[in-house]
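The values are calculated or read from the model by the stated rules, or taken from the named source; none is laboratory data. Just so it is clear, the structure is predicted and the values come from calculations on it, not from any experiment. Cβ placement follows ideal geometry from the backbone for every residue including glycine, while neighbour counts extend to all protein chains displayed.
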Amino acid sequence: MRSVNRILVNMLLDGALAAVAAPIARWLADPHGGLIHPLWFLAGGAITLLVGGIPFRMPQQYWRFSGIADLLGIAGGSVISAALFAAGLVLTGYMLPSITFPIIHALTLLVLLGGLRIVYRLSQRRPSAGLGVVRDSVLLIGADEAADLFLRAVKRDAESRMRVSGLIGHASHQPGRRIQGVPILGTVRELGAVLDRLVARGKRPDGLVVTDPDLRGEALAAVMEAADRVGVPVRRVPNPTALSPAARVELRPVAIEDLLNRPQVPLDREAMAAFVRGRRVLVTGAGGSIGSEMARQVAALDPAELVLLDNGEYALWQIEQELDHLVPSLLRRTVIADVRDAERIAALFGALRPELVFHAAALKHVPMVEANPGEGMLTNAVGTLNVADAARAAGAAAMVLISTDKAVNPSSLMGASKRAAEMYCQAMDIVARRAGRGLRCVTVRFGNVLGSTGSVVPLFRRQLERGGPLTVTHADMQRYFMTVPEAVGLVLEASALATGHEAAGRDALGEEGGIFVLDMGRPVKIVDLARQMIRLAGLRPEIDVPIRFTGLRPGEKLFEELFHGREPPVPTPHAGLLIARPRVADLDEVRGVIAGIGAACRANRPAEAIALLRHLVPEFNHNISGVPGEGAPSEGTPHEGGPGEGTGRAGGQAAVIDAPPLAS
């Protein structure tokens, strides 16, 4: 009812303005002809406007939010109203005041109707924070639609304490121009010089605000470095959709993912959906960082059923509750199980009959596996064999193994056990391809994921909360990084490609099989990561927060590799995906060795199990001492584990120590 009343009020106001506009236009067209003569001009002007405004829905306009579209509608209604009025004069035999009268009439209507709306909109702006309030001067990094939207949002927000004093653009033709009266001072490449110039003039900004959502990686790191040099904090704007007329402008800190992440690789969502849609999908390690994200993305692709398997009750409960909120209509099962228990896994798979299996369960923290060798080998190698065998027996179409860059030239038990898992899945896939039937095993290898359980980023955050120091094992340590959603999306893309849901995927792996490797970009030095996180906290590295080097731990390397020296990368039709072709092993031989490893671990004979693992993975050069250069042809690993993401044996709790660390 209130909306109807508002429309009636709009009609009355527009009609009254149109009634006034008609005699004013007559007088402007013929000053000697009088003003209020004849009086029916008033009624005629109001009626013709109400009729002319109908196609443009003028009575329904929201004056408080009038914009360009509304003004164009007013212009259209004014032209039609003036034309109808002039036609009425001619048809009734009344001479036009002048030949230009219709044009003058339309312009008069436009000025009165549009002007009143503009005045009303300006009057509805909330008062500013006060003339006596000192506002923070900020520079916007970005001079485009996002910056324009942010400037409007700041003007709408009466409680905002920001004053935008300048813009930093991207293109060389932008400096010297203005957006909403705010000058563009330079380009991002010139930011350091712009800041120096402002500081020299005593106009150092109180902060930088990044409005460009695509400014990430090295370009954003350069902005952070320039700002840090003059002691200016950097913040980001929220999502542009959050800058609604009623919303307050609240900035957020720059995330470490923004500094390390590369531009998102476009994914073939249709192929991924075709791979998953209507199938029963099982995810092991579903409570871990990778496993839980896999569950989220799979749930969005409309599977017939989703089975969440994990050894940790609390982690499993968390993802189950989240999915219950996100996709309540999806048929789901939660299963507590240990991938090392072959009989339990076989019985579950036989009863549930999954069609797709994503195997993310693993022990992935290098020092923890070194201290618990039997648990690591049982989970990573024997557990993978159990899941693959159960999936094949249950008639699954495909199994996807989440592997790690630590499986390349491994120097740790974690990496060597994951390499054994790779070998078994690769051998099984080759058998299926040659037979033209059976379980397809797809292996996807990648490096560290930001923010995963037990990884370096959460560790640094906890250390910062305690005031430091931040601990780094070695000054030269480097790692590849990727965000969890990006890694999981590429895993799904690789799976669809390998199983023939894209035409180019049928021969992607070749007859001798292969391993998909995610393009991780360039490695990042861990000490640089530590410095960036200190800066993001608004502190100064080595001044406010020290960085302490603790030395390599057993099994760690300085530099991880994504490819073995004898497995050159092979490109695929998709950006972000490469293929490695490591040596091929006989399926029965690999099965026999892994079975022997399992038997030795259960008999608490870790040395015997490690000897068998060395036989299966001859490139395994165990760095027991943690001394750089020992035990590996190339060196390194930080506080990060690899991406085999379940927590605990099936992604659950930490392992129980089954033997003391091995001596050298």
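Go through region 393-408 residue by residue and tally those that are assigned to a loop (DSSP other than H, G, I, E, B) and either in contact with a strand residue (DSSP E or B) (Cβ under 8 Å, 6 or more places away or on another chain) or not assigned by TED's automatic domain parsing to the domain that holds V307 (or both).
3
From the list V491, V527, V517, exactly one residue is in a strand (DSSP E or B) and at pLDDT 75 or above. Which is it?
V517 is the lone residue from the list that is in a strand (DSSP E or B) and at pLDDT 75 or above.
Just a yes or no: is a residue in region 232-248 exposed (fewer than 14 other Cβ atoms within 10 Å of the Cβ), part of a loop (DSSP other than H, G, I, E, B), at pLDDT 85 or above and over 20 Å from the mean Cα position of the chain (by Cα)?
No: zero hits.
Are any of the residues in region 155-171 exposed (fewer than 14 other Cβ atoms within 10 Å of the Cβ), at pLDDT 80 or above and of a type outside the set (S, T, Y)?
Yes, some residue in region 155-171 is exposed (fewer than 14 other Cβ atoms within 10 Å of the Cβ), at pLDDT 80 or above and of a type outside the set (S, T, Y).
Consider D268 against the criteria (1) under 22 Å from R445 (Cβ atoms); (2) surrounded by 24 or more Cβ atoms within 10 Å (Cβ to Cβ): it satisfies all of them except one. Which criterion is unmet?
(2)
Looking at region 172-213, which of its residues are over 26 Å from the mean Cα position of the chain (by Cα), charged (D, E, K, R) and surrounded by 13 or more Cβ atoms within 10 Å (Cβ to Cβ)?
Scanning region 172-213 gives E190, D196, R197, R204, D206.
Suppose we keep only residues that are over 33 Å from the mean Cα position of the chain (by Cα) and in a loop (DSSP other than H, G, I, E, B) within region 409-450. Which one would you say is farthest from G598 (Cα to Cα)?
G436
Could you check, for region 419-430, whether at least one of its residues is of a type in the set (G, A, S), under 21 Å from Y480 (Cβ atoms) and either without any contact (Cβ under 8 Å) to a residue 12 or more places away in the chain or out of contact with any Asp or Glu (no Cβ under 8 Å at 6 or more places or on another chain) (or both)?
For region 419-430, residues of a type in the set (G, A, S), under 21 Å from Y480 (Cβ atoms) and either without any contact (Cβ under 8 Å) to a residue 12 or more places away in the chain or out of contact with any Asp or Glu (no Cβ under 8 Å at 6 or more places or on another chain) (or both): present.
Could you look through region 499-514, keep only residues that are within 14 Å of D268 (Cβ to Cβ) and touching a Lys or Arg at 6+ places or on another chain (Cβ under 7 Å), and pick out the one that is modelled with the lowest pLDDT?
G500
Restricting to region 584-624, give me the number of residues that are within 26 Å of A432 (Cα to Cα) and in contact with a Pro (Cβ under 8 Å, 6 or more places away or on another chain).
Going through region 584-624 one residue at a time, the tally reaches 1.
What number goes with the only condition from (1) farther than 26 Å from A315 by Cα; (2) surrounded by 20 or more Cβ atoms within 10 Å (Cβ to Cβ); (3) of a type outside the set (K, R); (4) touching a Leu at 6+ places or on another chain (Cβ under 8 Å) that T384 does not pass?
Of (1) farther than 26 Å from A315 by Cα; (2) surrounded by 20 or more Cβ atoms within 10 Å (Cβ to Cβ); (3) of a type outside the set (K, R); (4) touching a Leu at 6+ places or on another chain (Cβ under 8 Å), only one is false for T384: (1).
Find all pairs meeting these conditions: Cβ atoms under 8 angstrom apart; at least six residues apart or on different chains; first residue within region 1-16 and over 20 Å from L39 (Cα atoms); second residue of a type in the set (G, A, S) and modelled with pLDDT under 75.
Listed pairs, sorted by first residue: none to list.
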